[in-house]
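Please read the structure below before turning to the comments.
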Amino acid sequence: MEQPNFTELNHFLVLAETGSFVKAGDKLRVSSSAISHSLKRLEERLGVRLFNRTTRSVTLTEAGTQLRDELEPVFKAINERVNSLTAFMDEPAGTIRICAFSEVAEFVIYPRLQQLIKDNPRIKIDLAVDNRFENAIAEGYDMGIKVGKEVEEGIETVQVSNPFSVKLIASPSYLAKYGKPTSIEDLENHLTVGVKLTSKHNEHVWTFNVDGKKVEYIPKSRLVTTFDLNILKHAILDGVGIGYLMATAVKEELERGELIELLPEYAIQIEPYYLYYSKSKSNTTAFKMVVDALRHKE
């Protein structure tokens, strides 16, 4: 026997309740002929007659009465379960996958999202720390972070930081042993530590502001990490060499005197960080809440 479907059984119950094809159709917002066809298919599937039909009335047969009595508690339970889910309708939910550089993840993303995560137990944040500067959207993430707001068509951006400065720094122990560089060119006479994006990239270039113009310096470091900024900072603190890091990453060490800023007159301001994401994925409440939490506010 071919199994009846949910729609046919639902039409059967409403017809049994109303006793009229017209009334059943009105209640379900379908035509009376649709109810009639649905009932006919159900009776053919079951191989029994469920209703006695006259020109004036529709009444249940014995088989129809038995089926109604068995189905009513089942459908009631289904409706109760479905209705119980309405409590979740207004509660933001979903997984948001974000890819960010380690410094941004630590100093921007997590601090701004930690309260949202506490207040919304059904929102899950999947935060990937990746320093390769790849296209996060193309790699399957919902959101990514980049410097500047230039993006491809169909991508939205939201500013998440002020313009930020990058500082040339060294430890007191290094400076006591080697002295301070007096110019950008003098860095050639010093030991440096640096980073590269991946093992296949060259060492990251240091950029300075000289009389309003960008000047690049290519370090030849004695220690180069594959964009592990924690190792880099430890190396600078340990006096291994001079380094180049975001001001936010070394703010406390500078305040405590554990690191010293060098050549501050040449420090450069970098464009703000921007969150970027596809317009097509930005329509859920959870997504909008995450974007708003990350948005830079003066």
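The values are calculated or read from the model by the stated rules, or taken from the named source; none is laboratory data. Quick caveat: nothing in here was measured; it's all calculated off a predicted structure. In this analysis, Cβ positions are derived from the backbone assuming ideal geometry, glycine residues included, and neighbour counts consider all displayed protein chains.
So here's what we get for this one:
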{"quantity": "Failed criterion for VAL129 (all others in (1) among the β-branched types (Val, Ile, Thr); (2) in contact with a His (Cβ under 9 Å, 6 or more places away or on another chain); (3) closer than 16 Å to ARG97 by Cα hold)", "calculated": "(2)"}
{"quantity": "Residue match in region 49-57 (condition: of a type in the set (Phe, Trp, Tyr), more than 30 Å from ASN135 (Cα to Cα) and more than 50 Å from the chain's Cα centre (by Cα))", "calculated": "yes"}
{"quantity": "Options VAL30, VAL22; residue that is outside any helix (DSSP H, G or I), at pLDDT below 95 and of a type outside the set (D, E, K, R)", "calculated": "VAL30"}
{"quantity": "Of residues in region 105-123 being polar (S, T, N, Q) and assigned to a helix (DSSP H, G or I), the one surrounded by the fewest Cβ atoms within 10 Å (Cβ to Cβ)", "calculated": "GLN115"}
{"quantity": "Failed criterion for PRO181 (all others in (1) loosely packed, with under 14 Cβ neighbours inside 10 Å; (2) within 13 Å of TYR244 (Cβ to Cβ) hold)", "calculated": "(1)"}
{"quantity": "LEU50, sole failed condition from (1) surrounded by 15 or more Cβ atoms within 10 Å (Cβ to Cβ); (2) in contact with a Ser or Thr (Cβ under 7 Å, 6 or more places away or on another chain); (3) over 23 Å from PRO73 (Cα atoms)", "calculated": "(3)"}
{"quantity": "Residues (within 17 Å of VAL104 (Cβ to Cβ), of a type in the set (Phe, Trp, Tyr) and within 10 Å of the chain's Cα centre (by Cα)) located in region 276-298", "calculated": "TYR277"}
{"quantity": "Residue that is farthest from GLU203 (Cα to Cα), among those in region 229-247 that are touching a Leu at 6+ places or on another chain (Cβ under 7 Å) and assigned to a loop (DSSP other than H, G, I, E, B)", "calculated": "VAL240"}
{"quantity": "Unmet requirement for HIS37, which otherwise passes all of (1) in contact (Cβ under 8 Å) with a residue 40 or more places away in the chain; (2) within 12 Å of HIS11 (Cβ to Cβ)", "calculated": "(1)"}
{"quantity": "Every residue from region 15-31 that is polar (S, T, N, Q) and either touching a Pro at 6+ places or on another chain (Cβ under 7 Å) or surrounded by 15 or more Cβ atoms within 10 Å (Cβ to Cβ) (or both)", "calculated": "THR18, SER20"}
{"quantity": "Neighbours by Cβ (under 8 Å, 6+ apart or cross-chain): first from region 209-226, more than 21 Å from GLN269 (Cβ to Cβ); second among the charged types (D, E, K, R) and in a strand (DSSP E or B)", "calculated": "none"}
{"quantity": "Residue tally, condition surrounded by 14 or more Cβ atoms within 10 Å (Cβ to Cβ) and outside any strand (DSSP E or B), over region 248-280", "calculated": "12"}
{"quantity": "Selected residue (criterion: modelled with the lowest pLDDT) from residues of region 216-228 that are assigned to a strand (DSSP E or B) and surrounded by 14 or more Cβ atoms within 10 Å (Cβ to Cβ)", "calculated": "THR225"}
{"quantity": "Tabulated pairs, region 255-277, first at negative phi, second of a type in the set (Val, Ile, Thr) and exposed (fewer than 14 other Cβ atoms within 10 Å of the Cβ), C-beta under 7 angstrom, 6+ apart or interchain", "calculated": "TYR266/VAL210"}
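Each row is one residue, and each column tells you yes or no for (1) among the charged types (D, E, K, R); (2) crowded, with 20+ Cβ neighbours inside 10 Å; (3) in a loop (DSSP other than H, G, I, E, B); (4) in contact with a strand residue (DSSP E or B) (Cβ under 9 Å, 6 or more places away or on another chain).
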position	(1), (2), (3), (4)
ILE96	no, yes, no, yes
ASP126	yes, no, no, yes
GLY140	no, no, yes, yes
THR157	no, no, no, yes
